[in-house]
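Down below is the structure, laid out as structure tokens.
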Amino acid sequence: MSKRRGSGPESERGEQAIVRMHELAALLRHHDDLYYNEAEPEITDAEYDALRREFEALERAHPEVELPDSPTRRVGADVRDRTAQKAEHRVPMLSLDSLTNAEEVREFAIRARKGLDLEEGGERDLVWSLEPKYDGVSANLLYEDGSFVLGLSRGDGRIGEVSTANYARVKGVLAKLRGKKLPRRIEVRGEILLSRSRFRELQEEQEKSDQQVFRNARNAVAGALKRVDPSGLEDFGMEFIAWGVGAYDGGNDTATYFDLLDRLTEFGFTRTDLLEEGRGTDAILDYHDRLEATRDEYAFEMDGIVAKLADMAQQRMLGRTARAPKWALAYKFAPRQAWTRVENILVQVGRTGAITPVAVLEPVDLAGVTVRRASLHNFGLLHERDVRPRDRVLVERAGDVIPEVVRVDLEARPEDSAPFDAPTHCPECREPVHGEGPVLYCSNIDCPAQIRERVIHLAGRRALDIDRLGEKYVDQLFAAGLLASVEDVFELDRHREQLLDLERWGAKSVQSLLDEIDRAKEPELARFLYALGIRHVGEKTSQDLAAHFGSFASIRDADREALLEVEGIGEVVATEISAFFASERNRAFLERLDAAGVRVRDAERKQLAEDAPLVGRTFVFTGGLESMTRDEARERVEVLGAKTVTGVSTKVTDVVVGAGSGSKRAKAEKLGLTILEEDAFLQLLEAMKS
Ligand code: IVH
């Protein structure tokens, strides 16, 4: 596969390729000119795209050839631009001054204070709205007489691309505004996002099928929004969170940014539930630090915070520069991208037999976490990104997702480097591999690598949560012969003596391992299903199955039709589940678990009786609860038949307030809704039990 230089037929082919590259570059330039400047294209988009793809392939194959005016480097010659319709924002979509340290924030606040003609030290009294800087794709939604008429991407801030049909399929992008007094015209702006959990699900799906793998939630959103055919986009799971307005007829009477967000909420939009009010620069810094420390706990990825002067009159007084308002700032979190070097590429066998390449990296710090490995997902992607040993690469860590190689620095590539070849045999058991699109599989069910991964998966935090069965210990137990199959986990108590003999294990740690395993013998249904590691059955699907069927036996015995009735389960997943439970081997495996005393707990079924106690009530949770997370709290009332929403409105019946609840509480009081403090909420749940 390696490229040689010199004379002979190979270098001749190289020369031909270079001639063709020049030819293509000229052709593409010619067609770009016709398209952009003359608005009279001679060829179809498909023909253009074919030329462009041919050029890109040659450019990848010949990174040593640098054309001064490569079509891939020119802006405005992007394939998608050729088909996208454009339109002007009624009011430009500005950017934000992006600050990276506390000093810059202090200076920004002082500039604002001076701009407002306040006395020295007056920045201590400035009131800021504080919210996350969500890492999504911004969108501008134009409503006329309450109806959604135009969706525009940010574009260059002045002109955006029309994406109305795609945006209309995003949760939270309203077809019609709610309420009676609607503005003649309003541009609602915000971020289109994909939650971490939904992103993980999509990634799981993609890795197993012949699809492109998204690098992070933001890229996934950007990709989905560019789809030419928007049908089915509603299932992608994107959500819109509003953070401002552009043109707004009659919007002048809103006194503060908080009022504005209240107004948007009344129209039916969702805003961040992390909104806070803060006085003085220290409040901005404090909010930033708190959010940065907890950023991975929230549903959506964020890359910093945004502080806006709350007072609209002050906003108007300060105005803007050419590109950004002088009344708002973004204070970024520490970056999670860095350049490092690929030391090696390893081939790993996963629990489903999927064989994946992994880049071993020179360790690099990404916002406090040392990253040593990055996922390359599959061989299709490895070849597409053409990552090679010794390459200098840009890696990114998004939340708790596995770090990824984003880009290769081709200029720094060693002369003698060669592409990494896909294996023909399983690196572990030496059986030949099978290909499914870009994904390779080892189909030997007894492959020791697969068993190891299945044990690690079973013991994982999201599965049976057996803390002491992390990778290191699993390897040790395998080496000692105490584990040879997944079911052996549940029979480790027979080997207490051997465990005690192992290095690093003492009476206490052995006991706590065995205790953990004992506890894992009575797993929750959803966790147990997930722990089984059935292909395509991730956490969400496991939860859906558990909520639908309620018991393990009924899932095991369900036929395809019954499985297809579960919301979100399609043909592919149903087939995998049926196949899993039909397999003799898996039946035997489950019988052994049964014999070892594993008893799966039944789950609460979600199909609610009409008379569920909270049917007809709608809850909002605001602020932090001490006894449970907000997600748990939502789950608790939903099981009892209630609906949950995030915004306070007259449709809401109960507002549960925890620590730090601000504007929502005030609004609920204004609307005269039932307000429940944490104690009262717990009492309510308690009362529902009887
Ligand atoms: S306000 C005039 N608020 O960050 C105010 N932007 O460079 C303009 N973003 O393009 C933006 N979260 O896509 C604002 N809470 C937030 C935001 C936010 C994310 C994005 C937005 C904008 C970029 C600013």
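About its Cα centre, how strong a charge dipole does the chain have in debye, to the nearest 20, once Lys and Arg get +1 and Asp and Glu get -1 at the Cβ? Walk me through the intermediate numbers first.
On the way: 99 positive and 126 negative charges, 222 e Å.
For the chain, the charge dipole is close to 1060 debye.
Given only helices, namely DSSP H runs of n ≥ 4 each adding -39500 (n - 2.57), what is the per-residue ellipticity at 222 nm of the chain, to the nearest 500 deg cm²/dmol?
The helix contribution divided over the chain gives -11000 deg cm²/dmol.
Just to be sure I follow: if Rg is taken over the C-alpha atoms of the range 487-584 and Rh is the Kirkwood radius over the same atoms, what is Rg/Rh?
Taking Rg over the Kirkwood Rh, I get 1.13.
Once you compute Rg and the Kirkwood Rh from C-alpha atoms, what is the Rg to Rh ratio for the range 532-690?
1.09
Using a 1.4 Å probe on the protein chains only, how many percent of the accessible area of the chain belongs to carbon and sulfur?
47
Could you tally the net charge around residue 647, taking each other residue with its Cβ under 11 Å from the Cβ of residue 647, Lys/Arg +1 and Asp/Glu -1? All intermediate terms of the calculation are to be shown ahead of the outcome.
Numbers: positive: 178, 271, 651, 664, 667; negative: 262, 266, 273.
Combined, the nearby Lys, Arg, Asp and Glu give +2.
Using only alpha carbon positions, build the gyration tensor of the range 278-363, then give the equivalent ellipsoid semi-axes as the square roots of 5 times its eigenvalues, largest first, whole angstrom.
They are 42, 16, 12 Å, listed largest first.
Which order do the peptides 308-321, 577-590 take when ranked by the mean count of other beta-carbon atoms within 10 Å per residue, highest first?
308-321, 577-590
GluC sites (Glu not before Pro) within the range 102-172: which are DSSP loop residues with at most 12 other Cβ atoms inside 10 Å?
Filter output for the range 102-172: 119, 120.
Between the DSSP loop rule and a limit of at most 10 other Cβ atoms within 10 Å, which GluC sites (Glu not before Pro) in the range 611-648 are left?
Sites meeting the loop and neighbour criteria: 626.
What's the percent breakdown of Cα-Cα distances in the range 161-249 across 5 Å bins, shortest bin first?
P(r) for the range 161-249, in whole percents per bin: 3, 12, 21, 23, 16, 10, 7, 4, 2, 1.
Using Cα-Cα distances under 8 Å and only pairs 6 or more residues apart, what relative contact order does the chain have, in percent?
RCO, the chain: 9 percent.
For the range 400-478, which GluC sites (Glu not before Pro) are both in a DSSP coil and crowded by at most 11 other Cβ atoms within 10 Å?
Taking the range 400-478 and a limit of 11 other Cβ atoms within 10 Å, the loop GluC sites (Glu not before Pro) found are 415.
If eta is 1.306 mPa s and T is 10 °C, what Stokes-Einstein diffusion coefficient results for the chain, Kirkwood Rh from Cα pairs, in µm²/s?
Rounded to a whole number, D works out at 55 µm²/s.
Given a cut-off of 23 Å, what percent of all Cα-Cα pairs of the range 109-263 lie beyond it?
Working: 5746 of 11935 pairs.
So the portion of pairs separated by more than 23 Å is 48 percent.
Per residue, what accessible area does the chain have, given a 1.4 Å probe and all protein chains present, in Å²?
Each residue of the chain exposes 50 Å² on average to a 1.4 Å probe.
How big is the range 252-396 by Rg and Dmax over its Cα atoms, in Å?
Taking only Cα atoms of the range 252-396, I get Rg and Dmax of 21.9, 62 Å.
So what are the three principal axis dimensions of the range 90-164 from its Cα atoms, in whole Å, longest to shortest?
Between the extreme Cα coordinates on each principal axis of the range 90-164 lie 47, 28, 21 Å.
The values are calculated or read from the model by the stated rules, or taken from the named source; none is laboratory data. As the structure is a prediction and not an experimental result, all values here were calculated from the model. Please note: Cβ atoms are built from the backbone with ideal geometry, for glycine as well, and neighbour counts cover all protein chains shown. Side chains are part of the model used for accessible areas, which takes the heavy atoms of the whole protein and leaves out ligands, DNA and RNA. Shrake-Rupley method; radii C 1.70, N 1.55, O 1.52, S 1.80 Å.
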